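Worksheet: one structure, shown below.
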Amino acid sequence: SFTAMVVEFQFVNPHPFVIVTVDANGAEESWRLEMDNRFELQGIGMTNETLRPGDRVVATGSLGRTEPRRLYIRRLDRPADGFRYEQFGSSPRVGRQPPADR
């Protein structure tokens with residue numbers, strides 16, 4: 001898992017993705033984080049406003065096989081408010097965790 005800052009959230013078909021920046025030993029790297037299909041995400045309440053530029057997130061998932069700095073998200077947490085997105089089996093779900101101390 002790694003901590004990143006959201007730069008852009010593209011709520012597009014077939015798979016929404018999040019562009020984030022990650023601090024890699026003092027250098028900023030751009031990563032593309034891919035989510036489950038858009039229609040399933042809409043069905044659980046996600047919108048193009050769910051993630052916003054500046055949100056700090058913690059992402060866990062599977063690295064892309066052929067493209068560098070690409071991750072298929074298994075879990076994405078936003079500690080500031082406890083938001084959690086996770087891929088559970090073949091279904092996505094969202095929920096809330098206790099917010100992190102500020």
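Quick notes on this one:
- Meets criteria (free of Cβ contacts under 8 Å to residues at least 40 places away in the same chain, in a strand (DSSP E or B), among the β-branched types (V, I, T) and out of contact with any Leu (no Cβ under 9 Å at 6 or more places or on another chain)) for T21: yes
- Residue count for region 24-45, restricted to those that are open to solvent by less than 50 Å² (accessible area, probe 1.4 Å) and in contact (Cβ under 8 Å) with a residue 24 or more places away in the chain: 7
- Residues of region 48-102 that turn out to be at negative phi, assigned to a loop (DSSP other than H, G, I, E, B) and either touching a strand residue (DSSP E or B) at 6+ places or on another chain (Cβ under 7 Å) or not hydrophobic (A, V, I, L, M, F, W, C) (or both), as a count: 21
The values are calculated or read from the model by the stated rules, or taken from the named source; none is laboratory data. None of these values were measured; they are calculated from a predicted model. Here Cβ is always computed from backbone atoms with ideal geometry, including for glycine, and neighbour counts include all displayed protein chains. Just the protein is used for accessible areas: all its heavy atoms, side chains included, with ligands, DNA and RNA removed. Shrake-Rupley method; radii C 1.70, N 1.55, O 1.52, S 1.80 Å.
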